[in-house]
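K.L.:
The structure is given below, and queries will be raised subsequently.
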Amino acid sequence: MTENRKVPKLPVEGKRNILITSALPYVNNVPHLGNIIGCVLSADVFARYCRLRGYNAIYICGTDEYGTATETKALEENCSPKEICDKYHVIHKEVYDWFDISFDEFGRTSSPEQTEVCQAIFKKIHENNWLSEDTLQQLYCDTCKKFLADRLVEGTCPIPGCEYDSARGDQCEKCGNLLNPTELKIPRCKVCRNSPRICDTDHLFLELPLLKDKLEKYINEMSVAGSWSQNAIQTTNSWFKMGLKKRCITRDLKWGVPVPHEKYSDKVFYVWFDAPIGYISITASYTRDWEKWWKNPENVELFQFMGKDNVPFHTVMFPSTLLGTDQNWTLMKTISVTEYLNYEAGKFSKSKGIGVFGNDAKDTTIPVEVWRYYLLTNRPEVSDTLFTWSDLQAKLNTELLNNLGNFVNRVLSFIAKPEGQGYDSIIPTVPDDVSGDSHDPTKKLASKVAAYLEQYIEAMEKVKLKQGLKIAMSISGEGNAYLQETEFWRLYKQNQSLCSLVMKTAAGIVYLLACLLEPFMPSFSLEVFKQLNLSTETHLSLSDDKGDVDRVRRPWDLLSAGHKIGTPKPLFRELKDEEVEFYRKKFEGSQADRVLRAEAEAAENVAAQLKKTKVSDGTGKKKPGAKSAAKSSNEAKNKSAAEPDISITRLDIRVGLIKKAEKHPDADSLYVEEIDVGEEQTRTVVSGLVKYIPLDEMQNRKVCVLCNLKPASMRGIKSQAMVLAASNDDHTKVELVEPPSSASVGERITFPGHEGSPDELLNPKKKVWETLQVDLHSNEKLEACYKNIPLTTSAGICTVSSISNGSIR
C-alpha cells in the first residue's frame with residue numbers, strides 16, 4: 001500500500017480520523033533496539049494497521065533536539081549544537097528508513113514552527129495566570145559568563161569513601177550516586193576548568209496544583225475511554241499520590257526556544273515543556289492546516305506510543321500545558337506504553353553504548369523483516385523482556401523459516417511446477433463438483449481463519465500488537481496443518497478436482513497472510529505479493545464498508561482462477577550457531593569496548609605480520625633478546641590475567657528502591673519486583689519472599705541489592721539481581737536487609753577497611769558469591785555484617801528488623 005505523502009491528509013468528516021505519535025527520540029546518539037521497539041516501531045505497526053482498516057490516519061514523529069544533552073554532546077565533538085542535531089537527525093532518519101518506518105512526517109524540534117507554536121502556547125498559559133516565578137540557586141561561571149547545566153560541571157564527589165575527582169554535576173560515575181551540582185566539592189566548569197560560584201537565578205514555573213481539577217477530570221474520562229494500560233494508570237496515579245508540584249519550565253541555556261517574556265528573554269524553555277509541543281509543530285511542518293488535527297477533539301483520536309519512563313510527561317505535563325491554554329485541543333485518547341527491553345546479561349544503554357543499535361542491525365546480514373518480527377514478538381507490553389541472540393535465532397529458524405516461510409514456499413512452489421507435476425504457475429480452477437463448503441477440512445480451516453481474523457482485529461483495535469502478530473502467525477500454523485491433513489501431493493494424483501480446491505484455498509491463505517502481516521513485516525509482504533505476481537494495490541482491505549472481511553470466510557475465493565503467479569523462492573534463511581556466536585561476541589560490552597577490541601585485533605594483525613618478518617639489527621643478523629622480550633611479555637600477560645583474590649569488594653551491593661512488586665504469574669512463592677538501583681532503567685528481580693513478607697510491605701521500600709550476579713531465568717522471567725534477606729536457623733522467618741531510610745538510591749554499600757572495585761559480572765564457575773555468602777550474617781545488634789564488618793552506606797549501617805545471628809543471602 002503506497003502512501004501519497006505529497007498531499008497532506010486532513011481529517012475527513014464521517015471517517016475515523018486517527019493521529020498517531022511516537023515519543024520523539026533524543027538526537028544526541030544513535031537509537032538502540034530498545035528505543036526502536038518502545039516508540040517508533042510500535043507506532044508504525046499501528047499506523048499501518050489503521051491504513052489497512054481504511055482509517056484516515058497520519059503518523060507524526062521527529063528528533064527532539066533542544067536541551068543540555070545536545071550542548072554537552074556538541075562540546076564533546078567540538079562543534080555547534082545545530083551541527084550535532086543536523087548530523088544525528090540524518091542518522092536517525094537512515095535507521096528508521098532501513099526499519100521500514102512509515103512516517104507521514106519525520107521532523108525536528110529545532111524548526112521555526114516549533115518556536116512559533118511553543119511561544120503561542122506559553123503566551124496563552126501566561127495570560128491565564130497558570131505560571132509563577134521563583135528563585136533557584138545554580139552554579140555560574142564568570143569566565144564563560146553563563147549558568148552551568150548539571151552536565152557542564154565536574155568536581156569531587158561529596159559521598160564519604162568515594163571522593164572521585166571527576167564526578168559530574170548530575171551523577172558520580174564511580175559510586176553511582178545522583179548529585180546536585182551545588183553538592184560537589186571543588187566544582188569546576190567543564191568548558192574552561194575554572195571554579196564557578198553559586199548564584200541566584202529567577203525562573204518560571206507551571207502551577208500544576210492549580211490545574212489539578214482540570215487534569216483529573218481529563219484523566220478520569222480519557223483513561224476509561226482510551227483503555228489506558230495499567231502501567232500508564234499506575235505511573236500517573238503515583239504523581240497524584242505524591243502531590244502535584246509546580247514545575248520549572250525555563251532553563252539558563254542558549255540552545256532552545258527563547259522565552260517570549262521581557263524579564264526572561266535570556267532563557268529558553270526547559271526541554272520537558274517544549275519537546276511534547278514538537279508533535280504539534282511537526283504536524284505544522286506537515287500541513288498548514290495542522291489545527292484541523294490538533295484542535296478538533298470531536299473528530300480526531302490521538303494515540304501516543306512511548307516507553308514507561310515517558311509516561312508522566314504525556315499524562316500529566318503535556319495535557320496540563322494544553323489545558324492551561326483554555327483552547328479546544330485534541331488531547332491524548334490512548335497511550336501505549338512499553339516496559340524495558342533488556343540486552344543479554346544487562347541493559348540497553350545509549351549513554352554507555354551497551355546493546356545492539358540501529359546502525360548495528362543494518363550492518364548484519366539479518367534482514368529487516370526478521371528484526372521487526374523479533375522485536376515485536378518480544379515487545380515488552382506488561383513487563384520487561386530480554387533480547388538474546390539465541391532467542392532471535394530460535395524465533396527465526398522455527399517461527400519464520402519452518403512455519404511461515406515453509407507454508408508459503410510449499411504452496412507457491414507446488415503451483416509453479418510444470419503441468420503433470422503442478423499447475424504451471426496458474427491458480428487452478430475449482431470444478432463445480434467440489435466446494436469448500438462441502439469439503440470438511442477446507443470448511444474447518446475457513447471457520448478457524450475467520451475466527452482468527454476477528455481476534456486479530458479485536459487485538460489490534462486495543463493496540464495489543466504482540467497478540468495481533470501471534471494470531472496472524474497462528475493462521476500460518478493452521479495452513480501447514482491443512483496441507484498435511486489433505487496430503488495435496490497425493491490428491492494431485494488421485495483427485496485432481498479436490499486438489500485444485502485445496503491449492504486454491506492454500507494460495508488464498510498465503511495472500512491473506514501477506515496482508516495481515518504487512519503492518520509487522522512490510523518487506524515480507526512486498527516479497528510475497530511479488531511472488532504472487534500481484535500489485536500491492538490489490539491489497540486486502542479490512543475496512544468495515546468494503547466487505548473484504550466477509551471474503552475471508554471463503555479463502556478459496558480470495559484469488560482468481562487463471563491468475564499467473566510469479567517465481568517462488570525461499571523467504572527466510574536459517575541463522576546458524578556460528579553466526580549467532582559471531583554476533584554475540586561482536587556486540588558484547590559497550591561501543592567503546594568494541595572500538596578497543598577492533599584496535600587490539602588490528603594491532604595483533606600488525607604483530608603477526610611483523611613476526612613473519614625477520615627482526616634485524618641492520619647487519620643482517622637477528623637481534624638478540626627478541627625471544628626473551630616476547631617471553632617477558634607473555635609472562636606479564638599471564639600475570640595480569642590471573643584470577644583476583646576472593647574479596648568482599650568484588651560484590652556489587654547497592655541501595656535499591658522497589659518501585660513495583662507483584663506476584664509472579666506462574667509461581668505462587670515468587671515476587672517480581674522492579675527495582676531502581678541508580679541506573680538508567682530499573683532492574684527486574686525475582687524473589688522467593690511470598691511466604692514471609694506481605695505484598696504491601698514490598699512496595700516503595702529501600703533494600704540491599706546484589707547487582708553483579710549472572711542473570712537467571714526463574715519460571716520464565718529473567719531475574720537481573722538479588723535482594724538480600726536474613727533468615728533464622730530453620731528458615732521459618734525471613735526479613736529484608738534494609739539500608740538507612742536516608743541512604744541514596746544507587747549508592748554502593750561498602751565494608752570499612754576493605755577497598756576495591758566490584759566485578760562487572762561474577763563468574764559462576766569461580767563461586768565468588770558462594771564463598772563470601774557464608775560470612776554474611778546479622779549480629780546481636782541486628783546489624784548486617786560480613787564477618788564482623790557492618791554493611792555501610794553514607795547514611796549509616798544496614799540492619800534487619802528482629803533476626804539476630806541470622807544468615808544473609
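K.L.:
May I ask you to list the residues in the range 730-747 that are modelled with pLDDT under 90 and either under 21 Å from Val690 (Cβ atoms) or among the aromatic types (Phe, Trp, Tyr) (or both)?
P.N.:
Across the range 730-747, the qualifying residues are Asp730, His731, Thr732, Lys733.
K.L.:
In this structure, is Ala743 buried (at least 19 other Cβ atoms within 10 Å of the Cβ), in a strand (DSSP E or B) and within 38 Å of the chain's Cα centre (by Cα)?
P.N.:
Values: buried (at least 19 other Cβ atoms within 10 Å of the Cβ): yes; in a strand (DSSP E or B): no; within 38 Å of the chain's Cα centre (by Cα): yes.
So Ala743 does not fit the description; no.
K.L.:
For Asp165, state whether it is outside any strand (DSSP E or B) and within 30 Å of Phe524 (Cβ to Cβ).
P.N.:
So Asp165 does not fit the description; no.
K.L.:
Something else about it: Select, from Thr750, Thr793, the only residue that is open to solvent by less than 60 Å² (accessible area, probe 1.4 Å) and either at pLDDT 90 or above or among the small types (Gly, Ala, Ser) (or both).
P.N.:
Answer to the selection: Thr793.
K.L.:
Name the pairs whose Cβ atoms lie under 7 Å apart, with the first residue in the range 552-572 and farther than 19 Å from Ser500 by Cα, the second open to solvent by 50 Å² or more (accessible area, probe 1.4 Å), and 6 or more positions between them or separate chains?
P.N.:
From residues that are farther than 19 Å from Ser500 by Cα, there are no pairs.
K.L.:
Looking only at residues in the range 415-429 that are within 16 Å of Asn533 (Cβ to Cβ) and small (Gly, Ala, Ser), which one is least open to solvent (accessible area, probe 1.4 Å)?
P.N.:
So the residue we want is Gly422.
K.L.:
Let me ask something else about it. Scanning the range 181-204 for residues that are under 17 Å from Arg247 (Cβ atoms) and not acidic (Asp, Glu), which turns out surrounded by the most Cβ atoms within 10 Å (Cβ to Cβ)?
P.N.:
Leu204
K.L.:
Another question about this same structure. Here's a check for you: in the range 276-329, which residue that is of a type in the set (Gly, Ala, Ser) and under 24 Å from the mean Cα position of the chain (by Cα) is surrounded by the fewest Cβ atoms within 10 Å (Cβ to Cβ)?
P.N.:
Ranking the candidates gives Gly307 first.
K.L.:
Just for the range 205-255: of the residues that are of a type in the set (Val, Ile, Thr) and surrounded by 14 or more Cβ atoms within 10 Å (Cβ to Cβ), which one is farthest from the chain's Cα centre (by Cα)?
P.N.:
Thr250
K.L.:
Could you please let me know if Ser229 is modelled with pLDDT under 90 and farther than 30 Å from Glu747 by Cα?
P.N.:
The answer is yes for Ser229.
K.L.:
Would a scan of the range 63-73 turn up a residue that is at pLDDT below 90, at positive phi and buried (at least 24 other Cβ atoms within 10 Å of the Cβ)?
P.N.:
Yes; the residues of the range 63-73 include at least one that is at pLDDT below 90, at positive phi and buried (at least 24 other Cβ atoms within 10 Å of the Cβ).
K.L.:
Also: Just to verify a result, which residue in the range 430-464, among those that are of a type in the set (S, T, N, Q) and modelled with pLDDT of 95 or more, is surrounded by the most Cβ atoms within 10 Å (Cβ to Cβ)?
P.N.:
Thr442
K.L.:
Scan the range 762-783 and report the pairs whose first residue is farther than 13 Å from Leu651 by Cβ and in contact (Cβ under 8 Å) with a residue 24 or more places away in the chain and whose second residue is in a loop (DSSP other than H, G, I, E, B) and hydrophobic (A, V, I, L, M, F, W, C), with Cβ atoms within less than 7 Å and a gap of 6+ or a chain change.
P.N.:
Between residues of the range 762-783 that are farther than 13 Å from Leu651 by Cβ and in contact (Cβ under 8 Å) with a residue 24 or more places away in the chain and residues that are in a loop (DSSP other than H, G, I, E, B) and hydrophobic (A, V, I, L, M, F, W, C), the close pairs are Ser778/Val800; Ser778/Ile803.
K.L.:
Take the residues in the range 256-275 that are among the small types (Gly, Ala, Ser) and surrounded by 23 or more Cβ atoms within 10 Å (Cβ to Cβ); name whichever of them is farthest from Tyr59 (Cα to Cα).
P.N.:
Checked the range 256-275; the qualifying residue farthest from Tyr59 (Cα to Cα) is Gly256.
K.L.:
Return yes when Gly420 is at pLDDT 95 or above and within 21 Å of Ile565 (Cβ to Cβ) and no when it is not.
P.N.:
Criteria not met by Gly420.
K.L.:
What residue, among those in the range 502-549 that are among the aliphatic types (A, V, I, L, M) and more than 34 Å from the chain's Cα centre (by Cα), is surrounded by the most Cβ atoms within 10 Å (Cβ to Cβ)? Before the answer, list the steps.
P.N.:
Applying the first criterion (among the aliphatic types (A, V, I, L, M)) to the range 502-549 yields 502-503, 506-507, 509-510, 512-514, 516-517, 521, 526, 528, 532, 534, 540, 542, 549.
From the residues that got through so far, the ones that are more than 34 Å from the chain's Cα centre (by Cα) too are 502-503, 506-507, 532, 534.
Working: Val502: 29, Met503: 25, Ala506: 27, Ala507: 25, Leu532: 23, Leu534: 17.
Once the filter is applied, the top-ranked residue is Val502.
K.L.:
Pairs only if they're at least six apart or on different chains, beta carbon under 8 angstrom, first in the range 174-186 and closer than 14 Å to Arg197 by Cβ and in contact (Cβ under 8 Å) with a residue 12 or more places away in the chain, second of a type in the set (Val, Ile, Thr) and open to solvent by less than 20 Å² (accessible area, probe 1.4 Å); list them, first residue then second.
P.N.:
Pro181/Val153; Leu184/Val153
K.L.:
Of all residues being among the basic types (Lys, Arg) and assigned to a loop (DSSP other than H, G, I, E, B) in the range 550-568, which is least open to solvent (accessible area, probe 1.4 Å)? Just the residue, please.
P.N.:
Out of the qualifying residues, it is Arg554.
K.L.:
Restricting the range 481-498 to residues that are without any contact (Cβ under 8 Å) to a residue 24 or more places away in the chain and either open to solvent by less than 20 Å² (accessible area, probe 1.4 Å) or within 43 Å of the chain's Cα centre (by Cα) (or both), which is nearest to Thr536 (Cα to Cα)?
P.N.:
Ala481
K.L.:
A follow-up question, please. Check every one of the helices (runs of 4 or more DSSP H) wholly within the range 263-343 and list those with 2 or more residues that are at pLDDT 95 or above and out of contact with any Gly (no Cβ under 8 Å at 6 or more places or on another chain).
P.N.:
Working: elements: 271-274, 277-286, 291-294, 318-323.
Because the criterion is at least 2 residues that are at pLDDT 95 or above and out of contact with any Gly (no Cβ under 8 Å at 6 or more places or on another chain), the helices (runs of 4 or more DSSP H) in the range 263-343 that meet it are 277-286, 291-294, 318-323.
K.L.:
For the range 1-52, what are the residues that are under 14 Å from the mean Cα position of the chain (by Cα), closer than 13 Å to Phe103 by Cβ and part of a loop (DSSP other than H, G, I, E, B)?
P.N.:
Leu24, Pro25, Cys39
K.L.:
Being in contact with a strand residue (DSSP E or B) (Cβ under 9 Å, 6 or more places away or on another chain) and modelled with pLDDT of 95 or more is the filter here; which residues of the range 562-612 pass it?
P.N.:
If the condition is that a residue be in contact with a strand residue (DSSP E or B) (Cβ under 9 Å, 6 or more places away or on another chain) and modelled with pLDDT of 95 or more, then Gly562, His563, Lys564, Ile565 are the ones that fit.
K.L.:
Looking only at the range 76-88, count every residue that is open to solvent by 30 Å² or more (accessible area, probe 1.4 Å) and touching a Lys or Arg at 6+ places or on another chain (Cβ under 7 Å) and tell me the total.
P.N.:
Total satisfying the criteria: 0.
K.L.:
Would you check which residues across the range 90-123 are in a helix (DSSP H, G or I), within 19 Å of the chain's Cα centre (by Cα) and of a type outside the set (Val, Ile, Thr) and list them?
P.N.:
Those that are in a helix (DSSP H, G or I), within 19 Å of the chain's Cα centre (by Cα) and of a type outside the set (Val, Ile, Thr): His92, Lys93, Glu94, Tyr96, Asp97, Trp98.
K.L.:
Let me ask something else. Which one is nearest to Ile658 (Cα to Cα) among residues in the range 202-261 that are of a type in the set (D, E, K, R) and assigned to a helix (DSSP H, G or I)?
P.N.:
Lys241
K.L.:
Moving on. Criterion first (among the polar types (S, T, N, Q), out of contact with any Phe, Trp or Tyr (no Cβ under 8 Å at 6 or more places or on another chain) and farther than 17 Å from Leu469 by Cβ) does Asn359 satisfy it?
P.N.:
yes
K.L.:
For the range 423-443, give me each residue that is assigned to a loop (DSSP other than H, G, I, E, B) and among the hydroxyl-bearing types (Ser, Thr, Tyr).
P.N.:
Those that are assigned to a loop (DSSP other than H, G, I, E, B) and among the hydroxyl-bearing types (Ser, Thr, Tyr): Tyr423, Ser425, Thr429, Ser435, Ser438.
K.L.:
Tell me which residues, restricted to the range 753-772, are open to solvent by less than 20 Å² (accessible area, probe 1.4 Å) and either hydroxyl-bearing (Ser, Thr, Tyr) or in contact with a Lys or Arg (Cβ under 6 Å, 6 or more places away or on another chain) (or both).
P.N.:
Within the range 753-772, just Val768 meets the criteria.
K.L.:
Still on this model: Quick check on the range 333-349. Is at least one of its residues more than 24 Å from Ser229 (Cβ to Cβ), under 26 Å from the mean Cα position of the chain (by Cα), open to solvent by less than 10 Å² (accessible area, probe 1.4 Å) and among the hydrophobic types (A, V, I, L, M, F, W, C)?
P.N.:
no
The values are calculated or read from the model by the stated rules, or taken from the named source; none is laboratory data. Being a predicted model, the structure only gives us computed values, none of them experimental. Quick reminder, even Gly has a Cβ in these numbers, built from the backbone with ideal geometry, and neighbours come from all protein chains shown. Ligands, DNA and RNA are excluded from the accessible area calculation, which covers all protein heavy atoms including side chains. Shrake-Rupley method; radii C 1.70, N 1.55, O 1.52, S 1.80 Å.
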